[in-house]
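Quick notes on the structure that follows.
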Amino acid sequence: MSVLVLGGAGYIGSHAVHQLIDQQTKVIVIDNLQTGHQDAIHPQAVFYEGDIKDITFMRHVFRNESIDAVFHFAANSLVGESVEKPLEYFDNNVYGTQVLLQVMKEFDLKKIVFSSSAATYGEPEDVPITEDMSTNPSSPYGETKLMMEKIMKWCDIAYGIRYVALRYFNVAGARRSGIIGEDHQPETHLVPIILQAALGQRDHITIFGDNYDTADGTCIRDYIHVEDLIEAHILALDHLNKGGRSETFNLGSNQGFSVKEMIEAAHTVTGKEISVKTGERRAGDPSILIASSKKATALLGWKPTRTSIETIIQDAWNWHANHPNGYLKDVTPK
Ligand code: UFG
(Lines give C-alpha, C1' and ligand atoms only; values in the text may rest on other atoms or scores of the structure.)
Protein backbone atom coordinates (compact mmCIF):
# COMPACT_ATOMS: atom_id res chain seq x y z
CA MET A 1 0.00 0.00 0.00
CA SER A 2 1.33 3.39 -0.92
CA VAL A 3 -0.25 6.71 0.08
CA LEU A 4 0.45 10.15 -1.35
CA VAL A 5 0.25 12.73 1.47
CA LEU A 6 -0.28 16.30 0.27
CA GLY A 7 0.87 18.77 2.90
CA GLY A 8 2.95 16.10 4.65
CA ALA A 9 5.33 18.69 6.13
CA GLY A 10 2.55 20.52 7.99
CA TYR A 11 1.34 19.99 11.54
CA ILE A 12 -1.43 17.48 10.83
CA GLY A 13 0.01 16.04 7.62
CA SER A 14 3.35 15.20 9.26
CA HIS A 15 1.54 13.22 11.96
CA ALA A 16 -0.29 11.28 9.23
CA VAL A 17 3.02 10.45 7.52
CA HIS A 18 4.51 9.12 10.77
CA GLN A 19 1.46 7.02 11.60
CA LEU A 20 1.23 5.57 8.09
CA ILE A 21 4.92 4.63 8.20
CA ASP A 22 4.37 3.11 11.69
CA GLN A 23 2.06 0.62 9.98
CA GLN A 24 4.50 -0.09 7.13
CA THR A 25 2.71 1.94 4.48
CA LYS A 26 4.88 3.47 1.78
CA VAL A 27 4.48 7.26 1.87
CA ILE A 28 5.12 9.90 -0.78
CA VAL A 29 4.94 13.49 0.44
CA ILE A 30 4.20 16.60 -1.58
CA ASP A 31 4.60 19.95 0.16
CA ASN A 32 5.50 23.43 -1.07
CA LEU A 33 7.02 24.27 2.34
CA GLN A 34 5.02 27.50 2.43
CA THR A 35 3.87 26.74 5.97
CA GLY A 36 5.28 23.23 6.39
CA HIS A 37 8.71 22.32 7.74
CA GLN A 38 11.31 20.18 6.02
CA ASP A 39 12.34 18.76 9.41
CA ALA A 40 8.80 17.52 10.06
CA ILE A 41 9.01 15.11 7.11
CA HIS A 42 9.69 11.52 8.07
CA PRO A 43 13.11 10.43 6.75
CA GLN A 44 11.57 7.29 5.21
CA ALA A 45 9.03 9.25 3.16
CA VAL A 46 9.77 10.06 -0.49
CA PHE A 47 9.59 13.85 -0.66
CA TYR A 48 8.70 16.07 -3.63
CA GLU A 49 8.83 19.82 -3.04
CA GLY A 50 6.24 21.58 -5.16
CA ASP A 51 2.78 23.05 -5.38
CA ILE A 52 -0.39 21.04 -5.92
CA LYS A 53 -1.62 23.80 -8.26
CA ASP A 54 1.25 23.03 -10.66
CA ILE A 55 -0.28 20.39 -12.92
CA THR A 56 3.02 19.59 -14.70
CA PHE A 57 4.68 18.91 -11.36
CA MET A 58 1.71 16.84 -10.19
CA ARG A 59 1.73 14.74 -13.36
CA HIS A 60 5.46 14.18 -12.89
CA VAL A 61 4.92 12.80 -9.35
CA PHE A 62 2.00 10.60 -10.43
CA ARG A 63 4.04 9.26 -13.35
CA ASN A 64 7.06 8.53 -11.16
CA GLU A 65 5.31 6.88 -8.24
CA SER A 66 2.90 4.04 -7.80
CA ILE A 67 0.10 5.49 -5.64
CA ASP A 68 -2.92 3.67 -4.20
CA ALA A 69 -4.65 6.52 -2.34
CA VAL A 70 -4.31 10.20 -1.46
CA PHE A 71 -4.45 11.98 1.93
CA HIS A 72 -5.02 15.68 1.21
CA PHE A 73 -3.92 18.15 3.92
CA ALA A 74 -2.45 20.83 1.65
CA ALA A 75 -4.47 23.97 2.37
CA ASN A 76 -4.37 27.38 3.99
CA SER A 77 -6.25 27.08 7.26
CA LEU A 78 -6.54 30.35 9.18
CA VAL A 79 -10.06 31.69 9.53
CA GLY A 80 -9.00 35.32 10.18
CA GLU A 81 -6.44 35.39 7.37
CA SER A 82 -9.03 33.99 4.94
CA VAL A 83 -11.26 37.00 5.56
CA GLU A 84 -8.36 39.29 4.59
CA LYS A 85 -7.20 37.21 1.61
CA PRO A 86 -10.18 35.28 0.22
CA LEU A 87 -8.76 34.94 -3.29
CA GLU A 88 -5.59 33.31 -1.98
CA TYR A 89 -7.74 30.81 -0.08
CA PHE A 90 -9.95 29.99 -3.07
CA ASP A 91 -6.86 29.62 -5.24
CA ASN A 92 -4.83 27.37 -2.91
CA ASN A 93 -7.66 25.35 -1.41
CA VAL A 94 -10.27 25.09 -4.16
CA TYR A 95 -8.22 25.41 -7.34
CA GLY A 96 -5.46 23.24 -5.79
CA THR A 97 -8.05 20.52 -5.15
CA GLN A 98 -9.36 20.81 -8.72
CA VAL A 99 -5.86 20.24 -10.10
CA LEU A 100 -5.38 17.28 -7.79
CA LEU A 101 -8.67 15.70 -8.88
CA GLN A 102 -7.84 16.32 -12.54
CA VAL A 103 -4.56 14.42 -12.13
CA MET A 104 -6.24 11.66 -10.10
CA LYS A 105 -8.74 11.26 -12.94
CA GLU A 106 -5.98 11.14 -15.56
CA PHE A 107 -4.05 8.48 -13.61
CA ASP A 108 -7.18 6.53 -12.65
CA LEU A 109 -6.68 6.97 -8.89
CA LYS A 110 -10.01 6.57 -7.12
CA LYS A 111 -9.52 7.02 -3.36
CA ILE A 112 -9.00 10.19 -1.34
CA VAL A 113 -9.27 11.11 2.35
CA PHE A 114 -9.20 14.84 2.99
CA SER A 115 -9.31 17.51 5.67
CA SER A 116 -12.54 19.35 5.95
CA SER A 117 -13.49 21.49 8.90
CA ALA A 118 -16.05 22.38 11.54
CA ALA A 119 -15.84 25.79 9.88
CA THR A 120 -18.20 24.42 7.18
CA TYR A 121 -21.06 24.74 9.69
CA GLY A 122 -20.56 28.40 10.63
CA GLU A 123 -22.64 29.36 13.68
CA PRO A 124 -24.21 25.96 14.46
CA GLU A 125 -27.95 25.52 14.68
CA ASP A 126 -27.47 23.30 17.76
CA VAL A 127 -24.79 21.37 19.67
CA PRO A 128 -23.55 18.68 19.51
CA ILE A 129 -23.24 19.19 15.76
CA THR A 130 -24.19 16.26 13.52
CA GLU A 131 -23.17 15.89 9.89
CA ASP A 132 -26.72 16.43 8.62
CA MET A 133 -27.00 19.93 10.13
CA SER A 134 -26.98 22.93 7.83
CA THR A 135 -23.68 24.26 6.52
CA ASN A 136 -23.37 28.03 6.41
CA PRO A 137 -19.69 28.99 6.65
CA SER A 138 -18.90 32.33 8.25
CA SER A 139 -15.46 32.67 6.62
CA PRO A 140 -13.86 32.16 3.20
CA TYR A 141 -11.82 29.36 4.81
CA GLY A 142 -14.97 27.43 5.78
CA GLU A 143 -16.43 28.17 2.36
CA THR A 144 -13.38 26.69 0.61
CA LYS A 145 -13.70 23.48 2.64
CA LEU A 146 -17.39 23.20 1.79
CA MET A 147 -16.63 23.83 -1.89
CA MET A 148 -13.94 21.14 -1.79
CA GLU A 149 -16.50 18.69 -0.39
CA LYS A 150 -18.96 19.59 -3.16
CA ILE A 151 -16.36 19.23 -5.92
CA MET A 152 -15.48 15.79 -4.53
CA LYS A 153 -19.14 14.79 -4.58
CA TRP A 154 -19.51 15.61 -8.27
CA CYS A 155 -16.20 13.94 -9.16
CA ASP A 156 -17.43 10.79 -7.46
CA ILE A 157 -20.61 10.87 -9.54
CA ALA A 158 -18.77 11.59 -12.80
CA TYR A 159 -15.50 9.68 -12.44
CA GLY A 160 -16.02 7.28 -9.51
CA ILE A 161 -13.40 8.98 -7.31
CA ARG A 162 -14.55 7.97 -3.82
CA TYR A 163 -13.72 10.28 -0.91
CA VAL A 164 -13.97 10.60 2.85
CA ALA A 165 -14.31 14.21 4.05
CA LEU A 166 -13.27 14.61 7.68
CA ARG A 167 -14.61 17.72 9.41
CA TYR A 168 -12.09 18.48 12.11
CA PHE A 169 -12.98 20.31 15.29
CA ASN A 170 -10.04 21.73 17.33
CA VAL A 171 -6.97 19.65 16.68
CA ALA A 172 -4.20 19.84 19.31
CA GLY A 173 -1.47 17.76 20.96
CA ALA A 174 1.61 16.20 19.38
CA ARG A 175 3.08 12.81 18.57
CA ARG A 176 3.55 11.04 21.90
CA SER A 177 7.29 10.60 21.31
CA GLY A 178 7.53 14.41 21.08
CA ILE A 179 9.60 14.38 17.88
CA ILE A 180 7.08 16.34 15.84
CA GLY A 181 4.47 18.85 16.93
CA GLU A 182 2.73 22.12 16.18
CA ASP A 183 4.75 25.06 14.86
CA HIS A 184 2.91 27.83 13.03
CA GLN A 185 4.44 31.21 12.17
CA PRO A 186 2.77 33.26 13.51
CA GLU A 187 0.95 31.05 16.01
CA THR A 188 -2.78 31.71 16.38
CA HIS A 189 -4.06 28.52 18.02
CA LEU A 190 -5.06 28.39 21.65
CA VAL A 191 -3.09 25.43 23.01
CA PRO A 192 0.35 26.44 21.63
CA ILE A 193 -0.23 30.04 22.70
CA ILE A 194 -1.08 28.97 26.27
CA LEU A 195 2.07 26.81 26.34
CA GLN A 196 4.24 29.62 24.97
CA ALA A 197 2.95 31.75 27.85
CA ALA A 198 3.79 28.90 30.26
CA LEU A 199 7.32 28.81 28.80
CA GLY A 200 7.72 32.56 29.29
CA GLN A 201 7.93 33.19 25.52
CA ARG A 202 4.87 35.45 25.80
CA ASP A 203 4.12 37.55 28.86
CA HIS A 204 0.46 36.57 28.80
CA ILE A 205 -2.35 34.99 26.87
CA THR A 206 -5.27 37.20 25.86
CA ILE A 207 -8.68 35.62 26.20
CA PHE A 208 -10.72 36.76 23.22
CA GLY A 209 -13.91 37.78 25.04
CA ASP A 210 -15.37 36.71 28.38
CA ASN A 211 -18.94 37.83 27.75
CA TYR A 212 -20.18 34.90 25.69
CA ASP A 213 -23.33 33.05 26.72
CA THR A 214 -21.41 30.19 28.35
CA ALA A 215 -20.91 29.20 32.00
CA ASP A 216 -17.67 31.20 32.47
CA GLY A 217 -18.24 33.61 29.58
CA THR A 218 -15.43 32.25 27.37
CA CYS A 219 -15.79 30.28 24.12
CA ILE A 220 -16.24 26.53 24.23
CA ARG A 221 -14.47 24.24 21.77
CA ASP A 222 -14.12 20.51 21.21
CA TYR A 223 -10.44 19.45 21.31
CA ILE A 224 -9.22 16.32 19.56
CA HIS A 225 -5.75 14.78 19.87
CA VAL A 226 -3.88 14.86 16.58
CA GLU A 227 -2.95 11.14 16.85
CA ASP A 228 -6.60 10.16 17.29
CA LEU A 229 -7.49 12.40 14.37
CA ILE A 230 -4.99 10.59 12.12
CA GLU A 231 -6.26 7.22 13.30
CA ALA A 232 -9.63 8.23 11.83
CA HIS A 233 -7.92 8.90 8.47
CA ILE A 234 -6.41 5.43 8.50
CA LEU A 235 -9.82 3.92 9.28
CA ALA A 236 -11.34 6.06 6.50
CA LEU A 237 -8.82 4.61 4.08
CA ASP A 238 -9.74 1.07 5.23
CA HIS A 239 -13.35 1.98 4.55
CA LEU A 240 -12.52 3.04 0.98
CA ASN A 241 -10.25 0.02 0.46
CA LYS A 242 -13.14 -2.25 1.41
CA GLY A 243 -15.28 -0.62 -1.27
CA GLY A 244 -17.10 1.76 1.12
CA ARG A 245 -18.87 4.70 -0.47
CA SER A 246 -18.04 8.40 -0.12
CA GLU A 247 -18.85 9.81 3.33
CA THR A 248 -18.47 12.90 5.52
CA PHE A 249 -17.62 12.60 9.21
CA ASN A 250 -17.16 14.98 12.14
CA LEU A 251 -14.03 14.36 14.19
CA GLY A 252 -14.23 15.64 17.73
CA SER A 253 -14.58 14.36 21.26
CA ASN A 254 -18.27 15.12 21.92
CA GLN A 255 -17.10 17.33 24.81
CA GLY A 256 -16.51 21.03 25.11
CA PHE A 257 -14.01 23.01 27.16
CA SER A 258 -13.93 26.76 27.67
CA VAL A 259 -10.86 28.90 27.06
CA LYS A 260 -10.56 29.41 30.84
CA GLU A 261 -10.79 25.65 31.45
CA MET A 262 -8.01 25.04 28.93
CA ILE A 263 -5.76 27.59 30.65
CA GLU A 264 -6.49 26.01 34.04
CA ALA A 265 -5.74 22.52 32.70
CA ALA A 266 -2.45 23.76 31.21
CA HIS A 267 -1.49 25.26 34.55
CA THR A 268 -2.16 21.91 36.26
CA VAL A 269 -0.26 19.87 33.64
CA THR A 270 2.78 22.15 33.36
CA GLY A 271 2.92 23.43 36.93
CA LYS A 272 3.72 26.88 35.45
CA GLU A 273 2.10 30.22 36.11
CA ILE A 274 0.21 31.44 33.04
CA SER A 275 -0.59 35.10 33.03
CA VAL A 276 -3.97 35.95 31.51
CA LYS A 277 -5.55 39.15 30.16
CA THR A 278 -9.03 39.57 28.80
CA GLY A 279 -9.46 41.26 25.44
CA GLU A 280 -12.13 41.88 22.85
CA ARG A 281 -13.97 39.11 21.06
CA ARG A 282 -12.25 37.86 17.90
CA ALA A 283 -14.43 38.42 14.83
CA GLY A 284 -16.15 35.31 13.54
CA ASP A 285 -15.70 33.13 16.66
CA PRO A 286 -18.83 31.06 17.34
CA SER A 287 -19.52 30.78 21.09
CA ILE A 288 -19.80 26.97 21.25
CA LEU A 289 -18.61 24.25 18.86
CA ILE A 290 -19.02 20.64 19.97
CA ALA A 291 -19.03 17.67 17.61
CA SER A 292 -21.14 14.62 17.60
CA SER A 293 -18.71 11.98 16.32
CA LYS A 294 -21.24 9.15 16.62
CA LYS A 295 -21.18 8.56 12.86
CA ALA A 296 -17.39 8.03 12.80
CA THR A 297 -17.69 5.67 15.77
CA ALA A 298 -20.52 3.70 14.19
CA LEU A 299 -19.27 3.48 10.59
CA LEU A 300 -15.50 3.55 10.98
CA GLY A 301 -15.18 2.00 14.45
CA TRP A 302 -13.22 5.09 15.52
CA LYS A 303 -12.36 5.22 19.24
CA PRO A 304 -10.15 8.13 20.33
CA THR A 305 -7.74 6.98 23.05
CA ARG A 306 -5.61 10.09 23.71
CA THR A 307 -8.33 12.68 23.68
CA SER A 308 -8.50 13.89 27.26
CA ILE A 309 -7.45 17.52 27.62
CA GLU A 310 -4.73 16.45 30.09
CA THR A 311 -3.16 14.07 27.54
CA ILE A 312 -3.53 16.59 24.73
CA ILE A 313 -1.83 19.30 26.78
CA GLN A 314 0.81 16.92 28.17
CA ASP A 315 1.82 15.76 24.68
CA ALA A 316 1.82 19.32 23.33
CA TRP A 317 3.89 20.43 26.35
CA ASN A 318 6.38 17.63 25.74
CA TRP A 319 6.92 19.01 22.23
CA HIS A 320 6.96 22.73 23.10
CA ALA A 321 9.15 22.43 26.19
CA ASN A 322 11.73 20.41 24.23
CA HIS A 323 11.45 22.50 21.03
CA PRO A 324 10.81 26.01 22.32
CA ASN A 325 11.61 27.42 18.89
CA GLY A 326 9.68 24.78 17.00
CA TYR A 327 11.59 23.53 13.97
CA LEU A 328 13.94 26.53 13.95
CA LYS A 329 17.44 25.28 14.73
CA ASP A 330 19.45 28.44 14.53
CA VAL A 331 17.97 30.07 17.61
CA THR A 332 19.36 29.28 21.04
CA PRO A 333 16.57 27.82 23.22
CA LYS A 334 15.60 29.84 26.27
N1 UFG B 1 -8.40 32.01 21.77
C2 UFG B 1 -8.13 32.96 22.72
N3 UFG B 1 -6.89 33.52 22.71
C4 UFG B 1 -5.93 33.21 21.81
C5 UFG B 1 -6.22 32.23 20.84
C6 UFG B 1 -7.47 31.64 20.83
O7 UFG B 1 -8.96 33.29 23.57
O8 UFG B 1 -4.83 33.81 21.87
C9 UFG B 1 -9.72 31.36 21.76
C10 UFG B 1 -10.52 31.60 20.49
O11 UFG B 1 -11.26 32.81 20.59
C12 UFG B 1 -11.39 30.37 20.43
C13 UFG B 1 -10.54 29.27 21.09
O14 UFG B 1 -9.53 29.97 21.82
O15 UFG B 1 -12.53 30.56 21.21
C16 UFG B 1 -9.87 28.36 20.08
O17 UFG B 1 -9.20 29.17 19.11
P18 UFG B 1 -8.23 28.58 18.01
O19 UFG B 1 -7.73 29.74 17.20
O20 UFG B 1 -7.23 27.69 18.65
O21 UFG B 1 -9.17 27.66 17.14
P22 UFG B 1 -10.52 28.03 16.35
O23 UFG B 1 -11.64 27.41 17.14
O24 UFG B 1 -10.65 29.45 16.02
O25 UFG B 1 -10.22 27.32 14.96
C26 UFG B 1 -10.23 25.94 14.80
C27 UFG B 1 -9.25 25.55 13.71
C28 UFG B 1 -9.67 26.14 12.39
C29 UFG B 1 -11.09 25.75 12.11
C30 UFG B 1 -11.97 26.16 13.24
C31 UFG B 1 -13.37 25.70 13.02
O32 UFG B 1 -7.97 26.00 14.02
O33 UFG B 1 -8.84 25.67 11.35
O34 UFG B 1 -11.52 25.57 14.45
O35 UFG B 1 -14.24 26.57 13.64
F36 UFG B 1 -11.54 26.36 11.00
222 nm mean residue ellipticity, helices alone, for the chain (DSSP H n ≥ 4; -39,500 (n - 2.57); rounded to 500): -11000 deg cm²/dmol
Given springs between every Cα pair under 10 Å in a Gaussian network model of the chain, which of 141, 212, 89 has the largest fluctuation? 212
At 25 °C in a medium of viscosity 0.890 mPa s, the range 224-276 has a Stokes-Einstein diffusion coefficient, with Rh taken as the Kirkwood radius over alpha carbon pairs, in µm² per second, of 176 µm²/s
Accessible area of the range 25-68 with a 1.4 Å probe: how many percent of it is carbon plus sulfur? 43 percent
Check each of the GluC sites (Glu not before Pro) in the range 194-267 and keep only those in coil by DSSP with at most 14 other C-beta atoms within 10 angstrom; list them in order. none
With every protein chain present, what is the per residue accessible area of the range 180-275 (1.4 Å probe, Å²)? 39 Å²
Dividing the convex hull volume of the Cα atoms of the chain by its residue count, what figure in Å³ per residue is obtained? 127 Å³
Return one number: the angle in degrees, 0 to 90 and rounded to the nearest 10, between the long axis of the Cα atoms of helix 309-322 and the longest principal axis of the Cα atoms of the chain. 90 degrees
Which whole number in µm²/s is D for the range 109-166 by Stokes-Einstein, with the Kirkwood Rh taken over Cα pairs at 25 °C and 0.890 mPa s? 204 µm²/s
If all Cα-Cα distances of the range 144-210 are sorted into 5 Å bins from 0 onward, what percent lands in each bin, rounded to whole numbers? 3, 13, 15, 16, 12, 11, 11, 10, 5, 3, 1
Between the residues 200, 269, 100, the Cα farthest towards the positive end of the dipole of the chain, that dipole coming from +1 and -1 charges on the beta-carbon of Lys, Arg, Asp and Glu, is from 100
Measuring from the longest principal axis of the C-alpha atoms of the chain, the long axis of helix 96-106 (C-alpha) lies at a number of degrees, nearest 10, equal to 30 degrees
Please work out how much length the chain gains when fully extended from residue 299 to residue 133, using 0.36 nm per residue of separation minus the C-alpha to C-alpha distance, in nm with one decimal. 57.9 nm
Dipole moment magnitude, nearest 20 debye, the chain about Cα centre, only Lys, Arg, Asp, Glu C-beta charged: 760 debye
Rounded to whole Å², per residue accessible area for the range 23-168 with a 1.4 Å probe reads 45 Å²
For the range 179-253, which trypsin sites (Lys or Arg not before Pro) pass both filters: DSSP loop (anything but H, G, I, E, B) and at most 11 other C-beta atoms within 10 Å? 242, 245
So which lysines pass the test for residue 85, namely a Cα distance under 20 Å, with those fewer than 8 places away in the same chain ruled out? 53, 145
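The values are calculated or read from the model by the stated rules, or taken from the named source; none is laboratory data. All figures in this text were calculated on a predicted structure; none of them were measured in a lab. Cβ sites come from the backbone with ideal geometry, for glycine too, and all protein chains shown count toward neighbours. The accessibility values were calculated without ligands, DNA or RNA, using every heavy atom of the protein model including side chains. Shrake-Rupley method; radii C 1.70, N 1.55, O 1.52, S 1.80 Å.
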